[in-house]
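Down below is the structure, laid out as structure tokens.
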Amino acid sequence: SIFAVLAVKNTAVAQTTITSSATPMVGYTYSMSADTAAADMPTFTVSAGSASAQSWDYSQGFNNANGAAISFVAPAGNPGASSFPNSNLASDQGSGNWGYLIAGTNGLYVDGAYVTLQGTSAALDFNPDAPQLPTPFTYNNTTTVTYTATATTTYSGTPIQINHIATRTVTADAFGTIITPAGTYSNTLRVYTHETTS
């Protein structure tokens with residue numbers, strides 16, 4: 001998966017419904033925390049979805065927190081941008097990899113990725129675009145999309161073809177308040193993304 005979303009705060013409406021006004025724009029930066037120590041995972045529990053508001057306290061859950069940020073920029077001028085003319089956002093994923101996205105009234109969708117592995121680069125243009133966060137989206141909403149991408153490149157002088165197929169399901173399975181090391185956020189919608197890729 002190119003991006004991960006644990007919870008999205010929406011201050012635009014009274015209900016826990018994410019609207020297109022909550023999708024990122026050029027210049028937005030989102031902070032993230034990750035715990036990379038396997039020993040900490042048993043103490044980091046995630047409750048089941050519920051039709052009533054929940055409270056998640058992860059203020060102490062990141063014992064070995066690694067701060068990370070995802071920033072969104074205009075696509076033009078970035079590696080592989082010409083392969084994604086419909087994108088209106090780009091994000092540097094590190095190591096020469098870029099994600100290209102479309103943010104609009106229907107939500108946030110991944111248009112594709114420009115990936116670099118062992119000095120070889122390829123543009124994977126997803127068809128249809130993969131949902132990151134459809135809008136409007138509220139508790140118990142779900143969407144499933146199967147998308148593909150084909151790319152050709154050369155590796156060590158040998159032409160290769162990459163065939164990518166994935167099924168992504170995005171579900172809003174809970175809502176409530178989340179407490180993180182960065183602060184407390186009420187009126188959040190938990191979004192669970194499951195993707196099978198080959």
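All of the numbers you see were taken from the coordinates with simple rules; none came from a lab. Owing to the predicted nature of the structure, the values given are computational and were not obtained by experimental measurement. We place every Cβ from the backbone using ideal geometry, glycine too, and count neighbours over all the protein chains shown.
Please find the FRET efficiency linking Asn140 to Asp57, where r is the Cβ-Cβ separation and R0 is fixed at 22 Å, and quote it to the nearest 0.05. Given R0 = 22 Å and the Cβ-Cβ separation, E is 0.40.
Rounded to whole Å, the principal axis extents of the Cα atoms in the range 115-166 read 50, 17, 12, largest first. Dividing the C-alpha radius of gyration of the range 67-182 by 2.2 N^0.38 Å, with N its residue count, gives 1.21. Which FRET efficiency, nearest 0.05, do Gln93 and Thr29 yield, Cβ-Cβ r, R0 25 Å? So the FRET efficiency works out to roughly 0.95.
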